[in-house]
Amino acid sequence: MHMADALLAPAVAATMYVASGTAAGVSIHKLRKDDEAQKLPTMAVTAALVFAGQMINYTIPGTGSSGHMCGGMLLSALLGPQAGFLSMIVILAIQCLFFADGGLMALGANVWNMAFYGCFVGYYLIWRPIMRSRWFGEGKAAQRGRIIAASVIGCIVTLQLGAFSVVLETSLSGITELPFGAFVALMQPIHLAIGLVEGLITSAVLLFVYESRPELLQELEPAAGADNKRSLKATVAILAAVALLVGGGLSLLASSNPDGLEWALFGNADAGYSENMGLDEENFGVQSAAADSAAGIQEKTSFLPDYAFADSDTPVGTTVSGIVGSAMVAGVAVLICLAGGFFRKRRHS
């Protein structure tokens, strides 16, 4: 669901930067009162895992489309909505600047569409109420059921909101080639399927964490008799190994079909499927000086564009992108935590 700059008018893009920046500012203010150092290992490894997970496009059967996880629900369930949101910003910014995934001018919109809903709407309106409820009764089996229900419902709902926001933002940008009703009719159903798969992936990861270290999950009081099957160090190490395996290896198996947004815009006629909106991939949307400037910056900063070596089709580029990107995301997350702890100590002193 990474939007390109051509899908937004500069005024709409600026508005979304303000909206996402405001949410980020509120999150930073809230986290200044917390002890982020306790979340440092979990934040680093889960952010890396989400980056790697977003490289895996899974096929949506019978459509000619594919999808990938967003990760907001996963991060907020483990870190809380504020830390999860800031982690998502790190992921999306690194994808944009160093891998040319999503437009730089559209970064504010991509943060809103892919991070805000999953981290805040998903957490406060879905994850927390379900985890505090008595759905499925008492005990460990009931808690597992609530984790699965919250993950699946949360991912479906928040991806629907994100997909609708993409339609709304393009409509407000005046892109007449994308009639509102027709675009909605394509975007919502395909992201319903994508959200269902992401919900199952998210629940699988969270169930592993629940069985290993249940105290890492937000809003969860471990059931009577529950114990930690693994140490925190072992749990983090396993998640880190999975991130490296996914980013450096399984990413080579990602579906080549266009993702939900690209599928809605351009279709997949080459594979025998519909053209959908039938836009020209080389010339569509809004042309603006702001978009041209953003593209120029992105061209200079992206050293592995489209997760590959420039002017090379070797799969090694994908492997390197997965490993390097995951490491960068984890490193920036650690620096954010350390900086927060430093300034908090200075304020207290």
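Observations on the structure shown:
- Screening the stretch 294-327 for residues that are touching a Leu at 6+ places or on another chain (Cβ under 6 Å) and among the small types (G, A, S) and picking the one that is surrounded by the most Cβ atoms within 10 Å (Cβ to Cβ) gives S321.
- The stretch 65-94 residues that are in contact (Cβ under 8 Å) with a residue 12 or more places away in the chain, paired with ones that are part of a helix (DSSP H, G or I) and among the acidic types (D, E) (beta carbon under 6 Å, 6 or more apart): M69/E198
- Taken over the stretch 122-137, the criterion of being without any contact (Cβ under 8 Å) to a residue 60 or more places away in the chain and crowded, with 17+ Cβ neighbours inside 10 Å is satisfied by G122, I126, I130.
- Inter-residue pairs, beta-carbon under 6 Å, first more than 9 Å from G248 (Cβ to Cβ) and in the stretch 309-329, second acidic (D, E) and modelled with pLDDT of 95 or more, 6+ apart: none
- Test: G84 is assigned to a helix (DSSP H, G or I), of a type outside the set (A, V, I, L, M, F, W, C), in contact with a helix residue (DSSP H, G or I) (Cβ under 7 Å, 6 or more places away or on another chain) and surrounded by 23 or more Cβ atoms within 10 Å (Cβ to Cβ): yes
- Filtered residue count, the stretch 147-188, keeping only those that are in contact (Cβ under 8 Å) with a residue 24 or more places away in the chain, outside any loop (DSSP other than H, G, I, E, B) and among the hydroxyl-bearing types (S, T, Y): 4
- In the stretch 43-56, the residues that are closer than 11 Å to G84 by Cα form Cβ pairs under 9 Å with partners that are of a type in the set (D, E, K, R) and in a helix (DSSP H, G or I), at six or more places apart or across chains, as follows: M43/E36.
- As a summary of the residue check, K140 satisfies the conditions (1) surrounded by fewer than 24 Cβ atoms within 10 Å (Cβ to Cβ); (2) within 22 Å of Q82 (Cβ to Cβ); (3) in contact with a Phe, Trp or Tyr (Cβ under 9 Å, 6 or more places away or on another chain) except for the one numbered (2).
The values are calculated or read from the model by the stated rules, or taken from the named source; none is laboratory data. Source: prediction; values computed, not measured. Cβ atoms come from the backbone with ideal geometry, glycine included; neighbour counts cover every protein chain shown.
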